[in-house]
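Just below is one structure, and these are the notes that go with it.
Where a number appears in this text, it was derived from the coordinates with a stated rule and is not lab data. Note that this is a predicted model, so its numbers are computed, not measured. Methodologically, a virtual Cβ is constructed for each residue, glycine included, from the backbone with ideal geometry; neighbour enumeration extends over all protein chains shown.
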Amino acid sequence: MTTTALDQALQMLERATSTPELVKATQALCALNDLEAAKPLVKVLGFNNPAVAAVATQGLIQLGRDIVPTLLVSLDARNYGARAWVVKVIAALRDPRGLDLLEHALQADIAPSVRRSATRGLADLELSEDAAHDQLERCFEGLLKGWLAWHGDALLRHPQGAPRSAQRGRRA
């Protein structure tokens, strides 16, 4: 990959004014398969455009685990959509370096899409052999704390389970 190709793809992204143009520019960045494209791809996740974010997400996943450090420092606290996509990439990469972020996202993020991706990520992490026990315990604790944080109040109100009226999709 040459700097020229990256520069061209970035210019294409800057000039894009419609979803099809953004998708095409994002695909051009992904096609480079270069770690230098990771930061612009992360930026694209914040455009509030699911079609473009889906393309960028696949491009980031394609770059592999080398991008995890970049992802860990690139969460946008003000954009839950971008956070959800970043957490989704970390979850797909199954890298244990994402454990802290996934735990925090599950327990503290206000956005359900972020918590869902974090749940999936914690459940699917590939744990390192030398720290597997501790990491597995943290995953279980994170999943339990996350569940309790978002559903524990229902247990306190209805210790025998949710009332029938609250059970979605079930018939009496």
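In segment 1-63 the Cα-Cα distances spread across 10 Å bins starting at 0 as 26, 62, 12 percent of all pairs.
Can you give the extra length, in nm with one decimal, that the chain gains between Asn79 and Lys24 once fully stretched, where that is 0.36 nm per residue apart less the Cα-Cα distance?
Computed gain between Asn79 and Lys24 is 17.5 nm.
Give the shape of segment 23-147 as rounded, prolate or oblate, defined through the alpha-carbon gyration tensor: a ≥ b ≥ c are the square roots of its eigenvalues, a/c under 1.5 means rounded, and otherwise the shape is prolate if a/b is larger than b/c and oblate if not. It is oblate, given that a/c is not under 1.5 and a/b is not larger than b/c. In terms of surrounding Cβ atoms within a 10 Å radius of their Cβ, Ser18, Ser113, Ser74, Ser128 rank from fewest to most as Ser18, Ser128, Ser113, Ser74.
One chain, two ends: Lys39 and Thr17. Fully extended at 0.36 nm per residue, the span grows by 5.9 nm beyond their Cα-Cα distance.
Listed by chain and number, the lysines whose alpha-carbon sits under 20 Å from that of Lys39, ignoring those within fewer than 8 places in the same chain, are Lys24, Lys88. Take Asp130 and Ala31, extend 7 Å from each Cα along the Cα→Cβ direction, and tell me the distance between the two endpoints in nm. Placing both labels 7 Å beyond Cα along the Cβ direction yields 4.2 nm.
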